[in-house]
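Asker: Questions regarding the structure given below will be posed in turn.
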Amino acid sequence: MERPILQVALDLLELKRAIEIAGEAIEGGADWLEAGTPLIKSEGMNAIRELKKHYRGHKVLADMKTIDTGAIEVEMAAKSGADIVIILALSDDDTIAEAIRAARKYGCEVMADLINVPDPASRAKEVEELGVDYLNVHVGIDQQMKGLDPLEVLKDVVDSVSIPVAAAGGLDAERAAACVSMGASIVIVGSNIVKSRNVTESARKVREAIDRAAEKGGVEVRRKSLDEEIRELLMRVSTPNVSDAMHRAKAMDGVYPLVRGKKIVGKAVTVSTMDGDWAKPVEAINVAGEGDVLVIKVSGDTAAVWGELATRSCINRKIAGVIIDGAVRDVDDIRELGFPLFARKEVPNAGEPKGFGEINVKVICGGVEVNPGDWIIADDNGVMVIPKRRAYEIARRAMEVKKSEDRIRGEIEEKGRTLADVVELYKWEKVQ
Ligand SMILES: O=C([C@H](O)CO)[C@H](O)[C@H](O)COP(=O)(O)O
């Protein structure tokens, strides 16, 4: 197999940093430099010009995502120094034909991006016949959040055409290697390189993995179950990351950690009960499975519905944690056990087990709706609820928030910059 090409997608908003990152990625083994669509929208053709000026020995791609006026967009990118212009395969055939004519005239090549194309293999054949130079099997960033994967269609596209095929969409070293094994000649990696704390090291990891895959001619990738992926992602992010991913959604109000420094991630088993009635909360321990989270809504907070013995039972059942919008007791013992417990109030007096209430019904806890099976993430900042049907998407988006923060943190810590400088705060103030 030929040596695969590593294309780094510079999906940033700040040109200065994009230029630096490009250099760091080249040091790690990147071949081609892509001016990502967000960078082009933020900085215009200047982004392409600057990349070309700085890195003449490397191909520069302009991810124009052209859907109309193929000739004009290719001409302006080519004149700015682009070696390859990325257009959308979804475009009308005439737009693609025009783009190719302009590319031939201005001395560049065209890559057609198959993002959102309903039948990628047949469209790939059509655009190949129109004359594009490369194809890109691409799952966009928003689509990745829903769990779409370029690997699902890559092989079909590779088998349908004879031009080089690129793959893109949330690739890390392992998945990039899998793409090479499936016949991709180019792997496009964005956030897993450009948002990482050590760009050179991350690029190097991808470089080594794809080179190994090319030498061996194949690697195996096992896709984890959705729940496994959600849990792993949420374990790596914080509640502020999740809140940001949910457009600054609020945590439960007035429910705070009684044991500090503990994190809870798991699916909710919900309980609704009356003030002091601990029957349903304790019965729910037997309903919940390993890794679940009990979320208990109590109608008042004058008597405890939870204490040390219930906590010990939870530990036996490997329950991940307990959230109570109500009162608890034996807090000193629970702290000693180190079990993650969040509650509204601490009192010494318990109530009676009367058996009112229900298990696994919708509850409103700390002002937030929780349904059975919703995902809970709780840490010292508070308790966030993620509706189950959006859990994968939010976990992925929270991971993207974390990656962006890691990058900014790196620049503050290592380069002595300030937050306002790194994010170019003044530039992004709303124009009045
Ligand atoms: O093309 C891209 C996306 O649509 C934003 O412009 C990305 O460059 C491409 O998806 C690669 O980035 P990652 O998915 O973050 O690896």
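Asker: Say we join alpha carbon atoms closer than 10 Å with springs in a Gaussian network model of the chain; which of Ile26, Ile67, Ile323 then has the biggest fluctuation?
Answerer: Maximum among the listed residues: Ile67.
Asker: Compute the angle between helix 151-160 and the longest alpha-carbon principal axis of the chain, please, reported from 0 to 90 degrees and rounded to the nearest 10.
Answerer: Taking Cα atoms only, the helix is inclined about 20 degrees.
Asker: Taking a spot 7 Å from the Cα of His54 along the direction of its beta carbon, which residues of region 61-88 have an amide N less than 17 Å from it?
Answerer: Only 61-63, 81-83 fall inside the zone, counting backbone N under 17 Å.
Asker: Could you identify which residue out of Asp68, Asp421, Asp277 has the top mean-square fluctuation in a GNM of the chain using Cα springs shorter than 10 Å?
Answerer: Highest fluctuation among the options: Asp421.
Asker: Assuming 0.36 nm per residue, please report the length gained on full extension of the stretch Asn116 to Asn349 beyond their Cα-Cα distance.
Answerer: On the way: separation 233, 0.36 × 233 = 83.88 nm, distance 5.95 nm.
Taking 0.36 nm per residue and subtracting the Cα distance, the gain is 77.9 nm.
Asker: Related question: Explain nothing, just compute: Karplus ³J(HN,Hα) = 6.51 cos²θ - 1.76 cosθ + 1.60, θ = phi - 60°, for every residue of region 133-150 in order, whole Hz, x for Gly and Pro.
Answerer: 8, 9, 10, 10, 7, 10, 9, x, 4, 5, 5, 4, 5, 8, x, 5, 9, x
Asker: How big is region 5-223 along each principal axis, measuring the range of its Cα positions in Å and listing the largest first?
Answerer: So the extents along the principal axes, rounded to whole Å, are 42, 40, 31.
Asker: With labels modelled as points extended 7 Å from the Cα through the Cβ direction, what inter-label distance (nm, one decimal) is found for Lys16 paired with Arg317?
Answerer: For the pair Lys16/Arg317, the computed spacing is 5.6 nm.
Asker: On a 26 Å Cα-Cα criterion, which of the cross-link pairs Lys59/Lys427; Lys53/Lys402; Lys16/Lys403 come out too long?
Answerer: Lys59/Lys427; Lys53/Lys402
Asker: For region 104-112, just list the computed ³J(HN,Hα) in residue order, Karplus coefficients 6.51, -1.76 and 1.60, θ = phi - 60°, integers in Hz, with x standing in for Gly and Pro.
Answerer: 5, 5, 9, x, 9, 10, 10, 10, 9
Asker: Further question: Send over the Kirkwood Rh of the chain, from the inverse of the averaged 1/r over different Cα pairs, rounded to one decimal Å.
Answerer: Details: mean 1/r = 0.0416 Å⁻¹.
Evaluated on the chain, it is 24.0 Å.
Asker: Can you list the residues, at least 5 places off or on another chain, whose amide H is less than 5 Å from the amide H of Leu258, using H built in the peptide plane?
Answerer: Leu341, Phe342, Ala343
Asker: Okay, moving on. What value, in deg cm²/dmol to 500, does the helix sum -39500 (n - 2.57) over DSSP H runs of n ≥ 4 give at 222 nm once divided by the residues of the chain? Each step should come with its number before you reach the end.
Answerer: Working: 18 runs with 181 residues, N = 432.
Helix-only estimate at 222 nm: -12500 deg cm²/dmol.
Asker: What shape does region 241-365 have by the C-alpha gyration tensor, where a ≥ b ≥ c are the square roots of the eigenvalues, rounded means a/c under 1.5, and otherwise prolate means a/b greater than b/c and oblate the rest?
Answerer: Values: a/c = 1.37, a/b = 1.26, b/c = 1.08.
It is rounded, given that a/c, with a ≥ b ≥ c, falls under 1.5.
Asker: Among Glu405, Glu174, Glu228, determine the one that fluctuates most according to a GNM of the chain built with springs between C-alpha atoms less than 10 Å apart.
Answerer: Of the options given, Glu228 has the highest mean-square fluctuation.
Asker: Whole-Hz Karplus ³J(HN,Hα) for region 340-350, in order, using 6.51 cos²θ - 1.76 cosθ + 1.60 and θ = phi - 60°, x for Gly and Pro?
Answerer: x, 10, 10, 8, 8, 8, 10, 9, x, 8, 8
Asker: Separation between the Phe356 and Glu215 pseudo-spin-labels, each 7 Å from Cα along Cα→Cβ, expressed in nm?
Answerer: 7.0 nm
Asker: Please give, to one decimal in nm, the separation of the simple spin-label points placed at Thr69 and Arg3, each 7 Å out from Cα toward the Cβ.
Answerer: 4.0 nm
Asker: Right, next: Students often forget the sequence filter, so: which aspartates and glutamates lie under 14 Å Cα-Cα from Lys415 once same-chain residues fewer than 8 apart are removed?
Answerer: Reachable aspartates and glutamates: Glu20, Asp406.
Asker: Need one number: % antiparallel among DSSP beta bridges in region 231-392, to the nearest 5.
Answerer: Here the share of antiparallel DSSP bridges comes out near 50 percent.
Asker: Oh, and also: Which order do Asp133, Asp332 fall in if you start with the one that has the fewest other Cβ atoms within 10 Å? Intermediate values should be presented prior to the final figure.
Answerer: Numbers: Asp133 16, Asp332 11.
Lowest to highest Cβ neighbour count: Asp332, Asp133.
The numbers here are math on the coordinates, done by the rules we state, and not lab data. This structure is a prediction, so every number in the text was calculated from the model and none was measured. In this analysis, Cβ positions are derived from the backbone assuming ideal geometry, glycine residues included, and neighbour counts consider all displayed protein chains.
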